[in-house]
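The structure appears below as structure tokens.
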Amino acid sequence: MARISEPTKAEERDWKRWVAKRPAVVKAICERLDPWTLYRMKPTGDRVTLYSASEDGTVTVNVLAEFNLTMFERRVFGIDPDDLEPCELPAPEEPVGAMLSGEEVDDNIDVLRAMARPDLWAMGDDGKAKRKN
């Protein structure tokens with residue numbers, strides 16, 4: 001299991017105090033997952049960090065170029081905590097990085113939607129992605 005950073009005693013204490021004050025569902029998640037550990041998302045294989053826990057029993061994670069070779073960095077919500085397992089950092093020889101910057105994603109979002117999810121999106125005559133009904 002890899003830690004992306006090593007918390008200080010004060011950070012660990014503050015985390016435990018914060019977790020203790022959360023609603024039961026969030027508390028249960030945060031007692032299992034912490035913000036200093038790197039996790040692998042089982043369905044996709046992406047390495048992720050914890051961003052937040054929700055009262056619906058899901059978490060939001062960060063998919064970062066520092067730990068993955070990815071099209072673009074993103075935050076993904078609605079993830080089942082059971083789909084996360086602690087993992088190791090990428091090996092030194094493993095390629096990592098993002099193919100597109102955040103600005104490039106913004107500039108090309110319509111094309112990306114249509115390419116990534118043609119079942120949901122189609123390009124309109126105006127060059128904008130339109131959601132299929």
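The values are calculated or read from the model by the stated rules, or taken from the named source; none is laboratory data. Fair warning: this is a prediction, and the values are worked out from it, not measured in the lab. Note: ideal-geometry Cβ built from the backbone for every residue, glycine included; neighbour counts use all protein chains shown.
Going by what's in this entry, would F72 be described as at pLDDT 95 or above, outside any helix (DSSP H, G or I) and either among the acidic types (D, E) or under 30 Å from K130 (Cβ atoms) (or both)? If you could, list the steps in order and put the result at the bottom.
On the way: at pLDDT 95 or above: no; outside any helix (DSSP H, G or I): yes; either among the acidic types (D, E) or under 30 Å from K130 (Cβ atoms) (or both): yes.
So F72 fails the test.
Across segment 1-21, what is the total count of residues that are surrounded by 13 or more Cβ atoms within 10 Å (Cβ to Cβ), closer than 15 Å to Y51 by Cβ and not aliphatic (A, V, I, L, M)?
Counting residues in segment 1-21 that are surrounded by 13 or more Cβ atoms within 10 Å (Cβ to Cβ), closer than 15 Å to Y51 by Cβ and not aliphatic (A, V, I, L, M) gives 1.
Name the residue that is farthest from F67 (Cα to Cα), counting only residues in segment 1-56 that are of a type in the set (K, R) and part of a loop (DSSP other than H, G, I, E, B). Walk me through it before giving the result.
To start, the set of residues in segment 1-56 that are of a type in the set (K, R) comprises 3, 9, 13, 16-17, 21-22, 27, 32, 40, 42, 47.
The next check asks that each one be part of a loop (DSSP other than H, G, I, E, B); those that pass are 21-22, 42.
Values: K21: 31, R22: 29, K42: 15 Å.
For segment 1-56, the residue satisfying everything is K21.
Quick one: what pairs do we get from segment 20-38, first residue without any contact (Cβ under 8 Å) to a residue 12 or more places away in the chain and assigned by TED's automatic domain parsing to the domain that holds T60, second among the aliphatic types (A, V, I, L, M) and surrounded by 16 or more Cβ atoms within 10 Å (Cβ to Cβ), C-beta under 6 Å, 6+ apart or different chains?
Correct list of pairs: K27/V19.
Could you check N108 against (1) of a type in the set (S, T, N, Q); (2) exposed (fewer than 14 other Cβ atoms within 10 Å of the Cβ); (3) in the same structural domain as T8 (by TED's automatic domain parsing) and say which number it fails?
The failed condition is (3).
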